[in-house]
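Scroll down for the structure; my scribbles are underneath it.
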Amino acid sequence: MSHDDEWKRRWVIPEIEHGKLHPKYNFLVHYPEGLRLGKYVDISQFVYIQAQDGVVIEDNVEIGPFCAILSRSTIDGKSGLIKICEGVCIGAHSTIMPGVTIGKGSIIGAHSFVNRDIPQHVLAYGVPCKVIRSL
């Protein structure tokens, strides 16, 4: 059995309480009623998810440490559903802004600021995040 198979065998949907740091994985969610998690989602430590206007995270998504996923921005007043499609990997310290969809199988490089939709099966990174190449 591979490490990946073993991890998936033990995976369970994490219990999430509004505004409380997860006791095992150390991530924080505001408005968990707006969060829809798929299977085998790996949310690293110190990720912040603000799901007031909806966040959908599909199956087999990996979110690196210290990321922010914001369905509502108090700075510019934007809000909207965020959709992170199946098989996406998001690098550490990245920020996903309201209304963004990240397409299936894409990789977002570390320290990226994602303020527009990213198509499926691409490598994208930067501030602001830009498609670099197809995968």
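Please treat every number below as a calculation from the coordinates, not as lab data. Only a predicted model underlies this, so the values are computations on that prediction, with no experimental measurement involved. Every residue, glycine among them, receives a Cβ derived from its backbone with ideal geometry; neighbour counts consider all protein chains shown.
Can you tell me which aspartates and glutamates have their Cα less than 17 Å from the Cα of Lys8? Leave out same-chain residues fewer than eight positions away.
Reachable aspartates and glutamates: Asp42, Glu58, Asp59, Glu62, Glu86.
For the chain, state the semi-axes of the equivalent ellipsoid (square roots of 5 times the eigenvalues of the alpha-carbon gyration tensor), sorted largest first and rounded to whole angstrom.
21, 20, 12
Mean residue ellipticity at 222 nm from the helices of the chain, using -39,500 (n - 2.57) per DSSP H segment of n ≥ 4 over the full residue count, to the nearest 500 deg cm²/dmol?
Per the formula, -1500 deg cm²/dmol.
Pick out, from Phe113, Gly54, Ile96, the residue whose Cα sits farthest towards the positive end of the charge dipole of the chain, with +1 on the Cβ of Lys and Arg and -1 on the Cβ of Asp and Glu.
Farthest towards the positive pole: Phe113.
Give the separation of the Cα centroids, region 77-132 to region 1-67, in Å.
Here the answer is 16 Å between Cα centres.
What distance in nm separates the two pseudo spin-label positions at Ser44 and Arg116, each 7 Å out from Cα along the beta-carbon direction?
Each label point is offset 7 Å from its Cα along the Cβ direction, giving 2.6 nm.
Let me spell out the model: positive unit charges on the Cβ of Lys and Arg, negative unit charges on the Cβ of Asp and Glu, origin at the Cα centre of the chain. What dipole size does that give, in debye rounded to 20?
For the chain, the charge dipole is close to 220 debye.
Which FRET efficiency value, to the nearest 0.05, do you get for Leu123 and Glu33 by plugging their Cβ-Cβ distance into 1/(1 + (r/R0)^6) with R0 = 41 Å?
On the way: r = 33 Å, r/R0 = 0.81.
Calculated transfer efficiency: 0.80.
Counting pairs of alpha carbon atoms under 8 Å apart in space and at least six apart in sequence, what relative contact order in percent does region 3-98 give? Write down the numbers at each step before the final one.
Details: 237 pairs, mean separation 20.8, N = 96.
Relative contact order comes out at 22 percent.
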